[in-house]
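*Asks:* Below is a structure I'd like to ask you about.
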Amino acid sequence: SKRMATSRFVLADDGRAFLPGEVRMLPPSLPKDGRSRQHLNLDRLGAIVILGAQSDSHVRRFLVDDLECLEVGLDETLTALQPPDGEISRYADWLVEWSDKAPRGHLARSLTDVPCVHTTDGAWLAPSDGVFFPRERDAPEIPQSLTVPIAALPEIEGLRSLMEGAGVRPFRWREVIFERLLPVLTDENCGDLEREAALTALRRYLESEP
């Protein structure tokens, strides 16, 4: 082991060979296939052991326990998260599988400030940006000119609970009023169109109340 610790034999994902102490392993809870390469920008994490080797539990244990190869922490790994430009189902499925393999609630809590939620206007926002789940069918509509971030999630088992654990909230008009409408209505520098949209939304809500 001592001789191996000073040998450049560990192959990184970019094809280069390193000393065991110069490369790192991704979190063991990551799904054991090539999808991580699609959904993470590995260049942001430096030299990473080739993913195929990381999926072998014996190789992983040897590198980490015997040769003291370090592991990338979960929060640092999430800085390399790379949401897709198009179809998001495979990305969302990968996140759910990762969450299922991680300690209960660990990934969800770590995602709170990470841009991981696709919204109806095509943006990627963090749950802490005030993202809501879609409103119930009988709830008043939101004027299109009013900016309220609404999650656009594919139908994947476990995805809603993961996003809820990360901080995406059920749509409640009272929260929208306090967080989105009142700041607009009390802002002296607010434009006329935005103010009118906020007033329209407020009227729709009040009219819907018994």
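*Asks:* Could you tell me which GluC sites (Glu not before Pro) in region 31-78 are loop residues by DSSP with no more than 15 other beta carbons within 10 angstrom of their beta carbon? Walk me through the intermediate numbers first.
*Replies:* Details: sites: GLU68, GLU71, GLU76; in loops: GLU68.
Passing sites in region 31-78 are GLU68.
*Asks:* How much accessible area per residue does the chain have, counting only protein heavy atoms and a probe of 1.4 Å, in square angstrom? It would help to have the intermediate numbers written out before the result.
*Replies:* On the way: 12060 Å² over 210 residues.
Result: 57 Å² per residue.
*Asks:* So what is the relative contact order for the chain, in percent, with contacts set as C-alpha pairs under 8 Å and at least six apart? Display every interim value, and only then the final one.
*Replies:* Numbers: 293 pairs, mean separation 33.2, N = 210.
Normalised by residue count, the contact order of the chain is 16 percent.
*Asks:* Of all trypsin sites (Lys or Arg not before Pro) in region 28-136, which ones are in loop regions per DSSP and have a Cβ with at most 12 other Cβ atoms within 10 Å?
*Replies:* Numbers: sites: LYS32, ARG35, ARG37, ARG44, ARG60, ARG61, ARG90, LYS101, ARG104, ARG109, ARG135; in loops: LYS32, ARG104, ARG135.
For trypsin sites (Lys or Arg not before Pro) across region 28-136 that sit outside H, G, I, E and B with at most 12 neighbouring Cβ atoms in 10 Å, the list reads ARG104.
*Asks:* OK, next. Stokes-Einstein diffusion coefficient for region 1-89 at 20 °C in a medium of 1.002 mPa s, Rh from the Kirkwood formula over Cα pairs: what value in µm²/s? List each step's numbers first, then the result.
*Replies:* Working: Rh = 13.5 Å.
Stokes-Einstein gives a translational diffusion coefficient of 159 µm²/s.
*Asks:* Another question about this same structure. If you take every DSSP beta bridge fully contained in the chain, what fraction is antiparallel? Give it as a percent rounded to 5.
*Replies:* Numbers: 7 of 12 bridges.
Of the beta bridges lying entirely in the chain, close to 60 percent run antiparallel.
*Asks:* For region 176-210, run through the GluC sites (Glu not before Pro) and keep only the ones in DSSP coil with at most 14 other Cβ atoms within 10 Å of their Cβ.
*Replies:* On the way: sites: GLU179, GLU188, GLU194, GLU196, GLU207; in loops: GLU188.
When the GluC sites (Glu not before Pro) of region 176-210 are filtered for loop state and at most 14 Cβ neighbours within 10 Å, GLU188 remain.
*Asks:* Moving on to the next point. Two-decimal Rg/Rh of the chain from alpha-carbon positions, Kirkwood Rh? Spell out each step's value before the answer.
*Replies:* Details: Rg = 22.4 Å, Rh = 19.7 Å.
For the chain, the value is 1.14.
The values are calculated or read from the model by the stated rules, or taken from the named source; none is laboratory data. This one's a predicted model, so the numbers in the text were calculated from it and none came from an experiment. Cβ coordinates were reconstructed from backbone atoms using ideal geometry, including for glycine residues, and neighbour counts include every protein chain displayed. For accessibility, only protein heavy atoms count, side chains too; no ligands or nucleic acids. Shrake-Rupley method; radii C 1.70, N 1.55, O 1.52, S 1.80 Å.
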